[in-house]
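> This is the structure I want to talk about, given as structure tokens.
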Amino acid sequence: MAAFDHVRNMHDIALKPRLLRSLIREHLPDEKHPFKGPLELSHVVSTVKTHRLLSESLAGVESTDPKAVESWKAAVDAWVDRVFSLASSNMPDKCWAGICLLGVTSQECSSERFLASYSLWLQKLQSYIQYVSESKMVCFFLFKQPPADSHFVKVASCASLSDLFTRMGRFPRIKKDATSQAVKLTQPVLKLLNEDSSEAVWEVAVCLLCTFTTSFPSSIQRCYDTAEAAVVSKIMSGKCSVKLMKELGHCLALLPKSKGDEESWSLMMQKILLRINVHLNDAFQGVEEDSKGNEAMRILVPPGKDHPPPLGGQVVGEASDQRIKRSQQLQISSVSTLMRCSCTMLTSTYPVQVRVPIRSLVVLAGRVLMVDGSSSQAIFPFMTAMQQESICLELPVLHMHSLELLSAIIKSARSQLLPHAAEIVRLLTEYFKRCVLPDLRIKVYSIIRILLMSLGVGMAVYLTQEVIKNAFLDLETIAYEGDQTSSSAYSKASSEILLQPGQKKRKHSSTTVSLDEQTDRVDLEVGVPINPIPISLKIAALETLEALLTVGSALGAESWRPSIDSLLISVATNACKGGWTKEENHSFLSSESVPAWADFQLAALRALLASLLSPTRFRSPNLARGLELFRRGRQETGTKTAEFCAHALLALEVLIHPRALSLIDFSSPSNTSFNVVDSRFPDVYSYGNKQNTPFSSGIMGKGPNDSNSVDDDLYESWLANDDEIEIPETETEKDRDYAEKHSEMFGVSEENRQELVSVHDARIIEAKGDENMVEVQHLQEPIKLDGTVPIVGGGSLAAQISSRVVSDSIELDPVEGKVDTGNNVLAAITDSSDMEGVSTNAATSSLGKNKDSAIDLDSESESIPDIVDGDPDSD
Amino acid sequence: MEPELVMASSPTDAGIGCWDLHSGAELLRYRSCASPSHGLVCVGGRFVASSQLREPSASSGSVLYWSWNKAHAEVKNFPAEPINPLVSNSDGTYIVGGGVSGDIYMWEVPTGRLLRKWHAHYRAVTCLVFSDDQSLLISGAEDGAVRVWSLLMIFDDMRREQAKHLYDYSFSEHTLRVTDIATGYGGCNAIIVSASEDRTCKVWSLSKGKLLRNIVFPSIIDAIALDPGEHVFYAGGRDGKIYIAALTAQGTSSNTYGMHIIGSLADHSKAVTCLAFSADGVLLVSGYEDGMVRVWDTKTHNIVRIFKHGKGPVNNILVVPWMLLNSQSSPIRRHGSSLPPPLEKYANSTDEIAEVKAYLGTHGTSDEPLDASYVSVHTMNSQIEELQQQGSSAAAGMEVERLKLEYRRSMQTVQQWQKMYENLHQFCLDELLDGDQAGG
């Protein structure tokens, strides 16, 4: 190749063969060159994958020079030849490398090449598995070391086979061939699982089995029972690592798919549940009444029905019965694997409808959750402290899995959960009362969230009290961290409990944990990170409160809203007090992400937004503080917090300027043209008449003037009156100088309110055409609205009344005195409202106003916030 | 635009007419259906169900199922009494029917099991509606009552015993038979609009359980449809007019019809019996007593399309988006399962509800395995890691293999060397001995 034969750029396909050839030349071993080391291999693979060197695809290439295409093909040919010869090498390391690369090739190469050569590769790879299992002994006798004797080679060839089959699954036309190949391979794979002793081999064999079940379900059918027995015996053996147990459970859960009918799924589920129950009987001896096990059994196998064969067949069943006295830890790990397996069965897809035994599942989960390790000496005199200790050690794991099971049930049953929901809720609330370990609490919170979201209002009614009680418990430390006096009892109690997880009862102890130590930062002076309630738990609590506010903030919410709102604002304020932290995602030596302070801030802000947005009868006292927080948060460029704060401000804008947009303007069909022209300010904007406030017209500049130019007389009259009548609104303001506007407005609003009433005569109302007019008309209607009590004073008065029911209506009196025509009406209204006994809340009053949304009742009353706020302040 | 299906049925046996809303083409007509008002429902997009009008002497009710592609009813159910209104939740997992005795029946669709039956009203139930989030059921009856039921409560035996009454709210302000109910958007903050033969429509707050607004109409209202923006609602009257009543809209000064009523859609025709909105929220599909289905454009107040259903009055209109049909029908076709089993007549009280029949998981259309399912690279990398650590037995095994081969090769070399050495030694020895001999 010429030294200066440059390629056009990195995307030029002429580059690919060159890269590939140099890879082959320099990094791949061959017969003569030794293997330079495993890191070489990973370099080769990553290069191949990044540059898609094997794809031979011309997609996205501008020019296709046939010579380049040809040379690429030749290079790939060379690569395949080399890889194949490596895989046939009898040096184990070269052979291993060849097998690995064959796997990569089978997923990266072009479809044509794959279809042409998959059977060859398949033969090569499967020779390593079958060879081992069938002729191992022979090989030993022959003294010729077979390369496949290395575990590495076995594992690699299983993995590559799995990839090969996965790829084959994408070509429907070779499905038949692939299935028959898979059938041939199933036995050797099961043999590997049964006979081999290396965990790595088991793992990859299980993976291969899973590939068969998902891609070629019918291939397992013939040896379904053997497969089940093999997997179950591994699970029961207790010799496997946690990771392998997971894989085994997953594989067991997938097995019914190979048959794909309703019965095999139900049977598998029933067998698993029975096995779990049997294990629980052993494990819970001494910490639970014996009758519980039988009770559960009655539900698992209804009386009169046959017991299914034991899980994993007769042999495994008996064998494990003999080993029942094995150490508890092993049993528990099998139980948790089985529980996880049933979760997987519930949440993964299945081709046909199945009968989910919800009741059995709930009973089983409930049985575990109700065991707390307490043992009464009277009932169980032979229980030793040792035994108790060992069961208590394992209980959290079991509880976690039971909770997982509950959440899987909820997810799988969806709307059909309804008949069982009450039972689950009872179970959950009962458990929540006693649950102290943070991880478990987090899980309970997450289940509650799922329930709230899926079952809506009805569920909210059930769960509100429980959520609030627990959220308070978990959030109080942060909410009042600056507050030296309050809540120390609670937080101490909870921190105390959390520090002693073994102790299950919640008691208030008089530890001398100083309040300083309860802050959520690491106190450097003391040198101990004192964080009694982990951030992740607080995040979960906040998220659950958010869900509660989202779903059920209206039904019976008056009692708890104020305290929750103030809790959330103080949590958010405290969370953001120390400034904004960048999201730091780097974590050393740990693959799972640890929630950072930024996540907590985000959760706090999300909950705060929900609290501000969910309906109340009057404006949230935290609105200003909340807006300020969001505004500051938005400045944190590039963080999730900033993104969310921008969203929050958008959402709150609607709260501040509520709108009930109509499809068209019904009142004036002639206005259609006006609408078209004045599209910037569609008059369907319900508070459109307020956009001409003194402030806005000044600041917005041309906006209102534009509309003036196309306006009609009605609009003129609005303008004329607006200066006197309209309540100034901040609607066109940028939020930035909100507070400033506020102070400015107080004066105006005071005057305006006087004028508002004084000019309240019929003519102006008629001309103005805003809500007041409509109300007056309504009042003159012969049909008196029971229940709907229009307040003539306009939105301001309505809002006032709504905020302070009794005192405000008294305050109103002097104002009413100045009303000319509206006077009588107003009086009448006040009377009628008194008679109603309805204490003139925002709901009833605002409905009287024609423009008010019935749905946005509460927010509507907040839509005229300045008066409400301005009033007490100006006093 | 997404095609939509308009379905109409009538109390006379004129079948269920189907039209494509946008093209106007008439589609398959399902036979033999004489439905009461509010008795036609599309169950989860999977099939159509309708309760049937019965002779007064009939001892049992009748509910028929039609699958989408067959004109004749495939499944016939015979509930314990005649059912008037029929409703299904959006998932299509439950069917709820209101009986003439005032009982409400709730069946599970996949199994046909009668889950619950409870006495809801003193007289016949006339309409049933699910709330926005499917957790509440709202019923109206001939006695004028509108009641709100929490379905969770219905199934919670323990709470039921504690509670004084089963319902969450009972609104009794209507003096005559309730003719239609509609609920709006917003979960627990939603509004309920109910129409009655007392010539009023009443707006209720679901969260507070209070009457928000009472609107008196010039005629009896038989049908209500809520504008999706809930700016107004449309009320079909027996005088042939569809009145537009304000919810959040501003009123006009010209109040020809009465307070809160801001206009009407009128065609000089006979009574309006049912209303339904299309998915875009602009086209209002209305059924009339003269057997016509008129489609109004609510923006322009014009009729944009007319379908003729039959001679008898239309009393049910459904608008079903095709999207729903296509997405839902595919798994059914794939698995060859037809309609669910018939509904049970009586609840089997001894048999506790121990299981649910359901499709598991999400039914994503893409069964395409993802790249994540390829394992060899991952396995290789972990093996490489193991090799780097040099500690594991498997890695050692491979190393041993390699060393054995090396060893064999080295042994051969050693042997060679040894041989050479021996030769040399022999040679030297011979030389020395020879020299000695020579010297000696």
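> Report the calculated FRET efficiency for A:Arg173 and A:Asp65 (r = Cβ-Cβ distance, R0 = 35 Å), to the nearest 0.05.
0.65
> What is the dipole size for region A:160-319, taken about its Cα centre, with +1 at each Lys and Arg Cβ and -1 at each Asp and Glu Cβ, in debye to the nearest 20?
Charge dipole of region A:160-319: 840 debye, to the nearest 20.
> Using the number of other C-beta atoms within 10 angstrom as an exposure proxy, rank B:Met420, A:Met168 with the fewest first.
Fewest-to-most ranking of B:Met420, A:Met168: B:Met420, A:Met168.
> For B:Lys404, project a label point 7 Å along Cα to C-beta. Then give me every residue of region A:189-215 with its amide nitrogen under 20 Å of that point.
So the set is A:196-201.
> Right, here's the next one. Just to be sure I understand: with springs between alpha-carbon atoms less than 10 Å apart, which residue in B:Asp227, B:Asp280, B:Asp180 has the highest mean-square fluctuation in the Gaussian network model of chain B?
Answer for the Gaussian network model of chain B: B:Asp280.
> Using 1/(1 + (r/R0)^6) with R0 = 41 angstrom and r between the beta carbons of B:Ala58 and A:Arg426, what's the FRET efficiency to the nearest 0.05?
Plugging the Cβ-Cβ distance into 1/(1 + (r/R0)^6) gives 0.50.
> Can you list the residues, at least 5 places off or on another chain, whose amide H is less than 5 Å from the amide H of B:Ser207, using H built in the peptide plane?
HN-HN under 5 Å from B:Ser207: B:Ala190.
> Would you pull out the residues with amide H under 5 Å of B:Thr179's amide H, same chain only if 5 or more places away, H placed 1.01 Å from N?
B:Ala195, B:Ser196, B:Glu197
> In addition: Rank-order B:376-382, A:651-657 by packing density, defined as the average count of other C-beta atoms within 10 Å over each peptide's residues, highest first.
Packing proxy ranking, top to bottom: B:376-382, A:651-657.
> Hey, another quick one. Please list, ordered by chain and number, the residues whose modelled amide H lies under 5 Å from the amide H of B:Val75; skip anything fewer than 5 residues away on the same chain.
B:Tyr65
> Using +1 at the Cβ of each Lys and Arg and -1 at the Cβ of each Asp and Glu in region B:175-233, identify which of B:Leu226, B:Ile191, B:Ile181 lies farthest towards the dipole's positive end.
B:Ile191
> Something else: For region B:216-305, divide the Cα radius of gyration by the Kirkwood radius and give the resulting Rg/Rh value with two decimals.
Answer for region B:216-305: 0.93.
> Compute the FRET efficiency between A:Asp12 and B:Gln415 as 1/(1 + (r/R0)^6), taking r as their Cβ-Cβ distance and R0 = 51 Å, and round to the nearest 0.05.
0.40
> Also, quick follow-up: Can you give the charge dipole size of region B:200-262 about its Cα centre, rounded to the nearest 20 debye, using +1 on the beta carbon of Lys and Arg and -1 on the beta carbon of Asp and Glu?
240 debye
> Run a plain Debye calculation on chain B (Cα atoms as equal point scatterers, no solvent) and give log10 I(q)/I(0) at q = 0.08 Å⁻¹, rounded to two decimals, same order as the q list.
Normalising to I(0) and taking log10 leaves -0.53.
> Then there's this: In nm, what is the difference between 0.36 nm times the number of residues separating A:Asp81 and A:Val654 and their Cα-Cα distance?
199.6 nm
> Put a dot 7 Å past each Cα toward the Cβ at A:Ser237 and B:Glu74; how far apart are the dots in nm?
4.9 nm
> Which residue, B:Leu405, B:Leu28, B:Leu265, tops the fluctuation ranking in a GNM of chain B built on C-alpha contacts under 10 Å?
In the Gaussian network model the winner is B:Leu405.
> Run the simple label-point estimate for A:Arg298 and B:Lys308 please: 7 Å along Cα→C-beta, distance reported in nm.
Here the answer is 6.7 nm between the modelled labels.
> Once phi is turned into ³J(HN,Hα) by the Karplus curve 6.51 cos²θ - 1.76 cosθ + 1.60 with θ = phi - 60°, what whole-Hz value does each residue of region A:638-649 show in order, with x for glycine and proline?
x, 9, 5, 4, 4, 4, 5, 4, 4, 4, 4, 5
> Rounded to the nearest 500, what is chain B's calculated 222 nm mean residue ellipticity when only DSSP H runs of at least 4 contribute -39500 (n - 2.57) each, over all residues?
So the calculated ellipticity at 222 nm is -6500 deg cm²/dmol.
> When the dipole is taken about the Cα centre of chain B, and only Lys, Arg (+1) and Asp, Glu (-1) are charged at their Cβ, what size is it in debye, to the nearest 20?
2420 debye
> Got a sec to turn the phi values of region A:110-119 into Karplus ³J(HN,Hα) couplings, 6.51 cos²θ - 1.76 cosθ + 1.60 with θ = phi - 60°, whole Hz, x for Gly and Pro?
6, 4, 4, 5, 4, 4, 5, 10, 4, 5
> How far is helix B:376-389 tilted off the main Cα axis of chain B, in degrees rounded to 10, range 0 to 90?
The two axes meet at around 40 degrees.
> Using label points projected 7 Å from each Cα along Cα→Cβ, tell me how many nm separate B:Lys164 and A:Ser110, to one decimal.
Using points 7 Å along Cα→Cβ, the separation is 8.1 nm.
> If you plug each phi of region A:195-208 into the Karplus form 6.51 cos²θ - 1.76 cosθ + 1.60 with θ = phi - 60°, what whole-Hz ³J(HN,Hα) values come out, in order, with x for Gly and Pro?
9, 6, 10, 9, 5, 4, 5, 4, 4, 6, 5, 4, 4, 5
> Could you work out, residue by residue across A:37-47, how many beta carbons of other chains sit within 10 Å of that residue's beta carbon, and then give the average as an integer?
If you average over the peptide's residues, the count of other-chain Cβ atoms is 3.
A short reminder: the numbers here are calculations on the coordinates, not readings from a lab. Computed from a predicted structure; not experimentally measured. Reconstructed Cβ throughout: ideal geometry from the backbone, glycine too, with neighbour counts over all protein chains shown.
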